[in-house]
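The structure appears right after this line, and notes come after that.
The values are calculated or read from the model by the stated rules, or taken from the named source; none is laboratory data. If you're wondering where the values come from, they're calculated on a predicted model, not measured in any experiment. Note that each Cβ is placed from the backbone with ideal geometry, even for glycine, and that neighbours are counted across all protein chains shown. Please note that ligands, DNA and RNA were not included when accessible areas were found on the heavy atoms of the full protein model with its side chains. Shrake-Rupley method; radii C 1.70, N 1.55, O 1.52, S 1.80 Å.
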Amino acid sequence: MRAAVTILAVAALASVPLWLRDPYLLNALITTGIFVIGAMSLNLLLGFTGQLSLGHIAFFGIGAYVSALTSLGFDVGLPGDVRLVHAPWPPIAGFLLAILVAGMCGYFVGLLSFRVRGAYFVIVTISFAEVVRLVALNWVELTQGPLALTNIPSIALPLPGLGELTLRTKMQNYYLVLVVALVAYLLIARLVHSHFGRAMRGLMENETLAVSVGIDVTRTLTVAAVISAAIAGAAGSLYAHYIRIIDPEVFAFINTVTMVIMVISGGKGSLAGPVVGGLIFGLLPVALRPVMAPEAQWIAYGGVLIAILFVLPRGIVPSLAQRFIRRRSGAPALASVALTETGAKEPA
């Protein structure tokens, strides 16, 4: 059943560019898809290990800057009259390096912060994101600071014997984002349903019991942080090569909040939750923009979020799935029969 739903959802999303001709809406879908990938990576930490990272946008931004600088090249001075010169590499190499460097940063942050979990972990991740933002803002020789890195080349896919295909059109970028999102979804699904995924859930539900059966807490959480950061870095790379301009505002805290909203509203701890929540809250501003003033848009945005969490407190996907299972199995009816047979009164 779940496999059939997933296949139908992918087929429906793949058909969108065939009938949607509005470039503005297609652009909104592409940027929303990129942030959905970021939300899926955050869900791996928040939904399956219970660790809230409020600096997750740092890995997204690191991926964007690494990929952009790799494909643009740079020439910067280092202490001791040393110059570091890098010639431009193909954008696909930047994409792979973005995943690698973001994953390494995730390892560094995880190794330091998972020894002090809870509120301390949240503070460490926020601090890390702010430090990275300040580096991007002030190392002008490398990042151009507030002037931004511009003319970032589009991703080009090598075709053996045919040269390469440069993804310039919105349709091409849409399918690129869709493929990367699908790969990230399948990777997370495989991870969550593995022995390692059960260890992550065990730590979230009862850390003391998990430790007693031999689960290495720091190692498990650090590996989860590495994978989560690497996926966020991939999303940042896609963003840089699609938008083709990057400045320190990519590290803005509101971007992390957006990812958290996507995860919480869709249903943390569910594979499809960040996708559903991401599509709703990624496209909601686009739907409200023509009919509301900017101030009213934010009020409506918050109102929709509150309404979803009030009606579906576990998030959209888990709550609807639970209701569907109850209705299909006839649980309320069975409960009524059981109460009648025992002579108990059904609660009002």
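Just one of the numbered conditions (1) touching a strand residue (DSSP E or B) at 6+ places or on another chain (Cβ under 8 Å); (2) open to solvent by less than 30 Å² (accessible area, probe 1.4 Å); (3) of a type in the set (Val, Ile, Thr); (4) more than 13 Å from residue 152 (Cβ to Cβ) is not true of residue 109; which one? It fails just one condition, (1).
Has the range 154-162 got any residue that is surrounded by fewer than 19 Cβ atoms within 10 Å (Cβ to Cβ), closer than 28 Å to residue 44 by Cβ and of a type in the set (A, V, I, L, M)? Yes: one or more hits. A residue that is in contact with a Gly (Cβ under 8 Å, 6 or more places away or on another chain) and open to solvent by 60 Å² or more (accessible area, probe 1.4 Å) can be found somewhere in the range 266-278.
State whether one or more residues within the range 137-160 are under 18 Å from residue 253 (Cβ atoms), of a type in the set (A, V, I, L, M) and in contact with a Pro (Cβ under 8 Å, 6 or more places away or on another chain). Scanning the range 137-160 turns up at least one residue that is under 18 Å from residue 253 (Cβ atoms), of a type in the set (A, V, I, L, M) and in contact with a Pro (Cβ under 8 Å, 6 or more places away or on another chain).
Looking across the range 207-244, the residues that are out of contact with any Ser or Thr (no Cβ under 7 Å at 6 or more places or on another chain), over 12 Å from residue 98 (Cα atoms) and of a type in the set (A, V, I, L, M, F, W, C) come down to 209, 210, 211, 213, 215, 217, 223, 225, 226, 227, 243.
Number of residues in the range 112-153 that are assigned to a strand (DSSP E or B) and either open to solvent by less than 30 Å² (accessible area, probe 1.4 Å) or free of Cβ contacts under 8 Å to residues at least 40 places away in the same chain (or both) equals 1.
On the given criteria, is residue 283 out of contact with any strand residue (DSSP E or B) (no Cβ under 8 Å at 6 or more places or on another chain) and touching a residue at least 40 places away in the same chain (Cβ under 8 Å)? So residue 283 fits the description; yes.
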